[in-house]
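Following: one structure in structure tokens, then a few remarks.
The values are calculated or read from the model by the stated rules, or taken from the named source; none is laboratory data. Because the structure is predicted, anything quoted here is derived from the model rather than measured. Here the Cβ positions follow ideal geometry from the backbone for every residue, glycine too, while neighbour counts run over all protein chains shown. With ligands, DNA and RNA removed, areas are computed over all heavy atoms of the protein, side chains included. Shrake-Rupley method; radii C 1.70, N 1.55, O 1.52, S 1.80 Å.
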Amino acid sequence: MQPQPPASVRIGYVLGLLDYLQPLKLDARDIIDPSMGLDPGSVSLNERIPLQHWATLLNRAIALTDDTDLPLRVAEQLQPKHWGVFAYTAMTSQTLGEVVAILERYERLIDEANDSRLQIAGDRALLQWLPRDTPVIPAFMQISLASWAVFARRYTERTDLVADVDFTFAAPADTSTYQRIFGGQIRFGQPVTQLSFPLAYLQLPITHHDADVHRVLVSQVRAQLAALDTDLTPRAQVRKVIARQLSGGATSLESVARALGMVPRTLQYQLESEGTSFRRVLDDIRHELACLYLQDAAMSLLDVAFLLGYSEQSPFNKAFKRWQGETPGEYRRRVAP
């Protein structure tokens, strides 16, 4: 089986965050680490960055603004340009139900944090946010579900639409922003993250519907999705397998090569042709994941070490000091919201 590409997010999402921060006198330099290799001033809206970087940017923005509701507020201000052809395809759909079908099929064009699934329960529609094989970040759930609610009202021109919402994370101290955005019951600590709304909403017409334009746009999103599945460099393939193997224990050149159906020497040669090595790719992804995991205060340092494939905490501490110039504890105290 061919491995999937490493989890990523459309950079338009990042630019939407920066657009939100600009009136607050914060800019890209406040949240983007130079090591990310990201220059917002010279990128295409269709480019993608690792999902781990997106999580880091959101968490840094939340910490700088001291606003745990920031992902909800960013979602309210996102525009079609931030989502690209995916948004225009949804906007030209005939009904809200057709928009949901597009979301289920093509959401990976926006980000690969989750899959979306529609369930019917009597006279209610349940639009569920189901995490993929990536760390579950509350900010991802917030920005996705708020985006869904905002899009539905904006493109049906029905400001009276109300949805109940369930989140798997714990309740914040203040839920007024949630109430304003969703309008219905807000529940936390639930088994599934989802929107719940009247089934009849799926029949609501989209005011920008254009059947001919929609047909063309559907072909474009299909092509973009196919490109996501085939644009796999050896390094990208190795990153994906390493991330999957680390969560279950140790990884090695041999185990990754076996998962990719090749001999270790061939894999090593392919990585060298890209100017890298297995050890360097493993080090990079451990570094990225460590910075992400450490932003979750509920995760112990020993848990982080195990998730990165270390058998004990000491070698993780030494590696992190080499990567960041500070201990994991010092990093956590500095960046955790």
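Would you mind getting the Kirkwood hydrodynamic radius of region 168-231 from its Cα pairs, rounded to one decimal in Å?
Computed over Cα pairs of region 168-231, the Kirkwood hydrodynamic radius comes out at 15.9 Å.
Hey, which aspartates and glutamates would be in cross-link range of Lys240, C-alpha to C-alpha under 14 Å, not counting anything within fewer than 8 residues on its own chain?
Glu112, Asp133, Asp229, Asp231, Asp283, Asp284, Glu288
Can you work out the accessible area per residue across the chain, with the rest of the protein chains kept in place, probe 1.4 Å, in square angstrom? It would help to have the intermediate numbers written out before the result.
Numbers: 15710 Å² over 337 residues.
On a per-residue basis, 47 Å².
Kindly list the residues of region 65-86 that lie in the label zone of Gln179, defined by a backbone N under 17 Å from the point 7 Å along the Cα-to-C-beta vector.
Zone members listed by number: 69.
To the nearest 0.05, how large is the calculated FRET efficiency for Gln22 and Asp283 if R₀ is 35 Å and r is the Cβ-Cβ distance? Walk me through the intermediate numbers first.
Values: r = 35 Å, r/R0 = 0.99.
Between Gln22 and Asp283 the formula returns 0.50.
Restricting everything to alpha-carbon atoms, can you work out Rg to Rh for region 41-152 with a Kirkwood hydrodynamic radius?
That ratio equals 0.96.
Can you give me the P(r) profile for the chain? Cα pairs, bins 10 angstrom wide beginning at 0, each as a whole percent.
Histogramming the chain at 10 Å steps yields 5, 24, 32, 25, 11, 3, 0 percent.
When the label point is put 7 Å from the Cα of Glu76 along its Cα-to-beta-carbon vector, which residues of region 153-182 have a backbone N closer than 12 Å?
The answer is 176-182.
Cross-link candidates for Lys25: which lysines have Cα within less than 30 Å, leaving aside residues fewer than 8 places away along the same chain?
Here the lysines satisfying the reach criterion relative to Lys25 are Lys81.
Give me the distance between the Cα centres of region 65-98 and region 151-204, rounded to whole Å.
Taking the Cα centre of region 151-204 as reference, the centre of region 65-98 is 15 Å away.
Would region 30-88 count as rounded, prolate or oblate if I go by the C-alpha gyration tensor, calling it rounded below 1.5 in a/c and otherwise prolate when a/b exceeds b/c, oblate otherwise?
Oblate, since a/c reaches 1.5 and b/c is not below a/b.
Just tell me, in residue order, which DSSP H segments of the chain are both 20 angstrom or longer along the helix axis (alpha-carbon based) and at least 0.0 in mean Kyte-Doolittle hydropathy. Can you show the working numbers first?
Numbers: long enough: 51-65 (21 Å, 0.54); 138-156 (27 Å, 0.45); 211-230 (29 Å, 0.38); 278-293 (22 Å, -0.08).
What comes out of the filter, once short or polar helices are dropped, is 51-65, 138-156, 211-230.
Rounded to a whole number, what % of the accessible area of region 91-157 do carbon and sulfur atoms account for, probe 1.4 Å?
Roughly 51 percent, rounded to a whole number.
What Kirkwood Rh does region 65-216 have if only Cα atoms enter the pairwise 1/r average? Answer in Å.
The answer is 15.7 Å.
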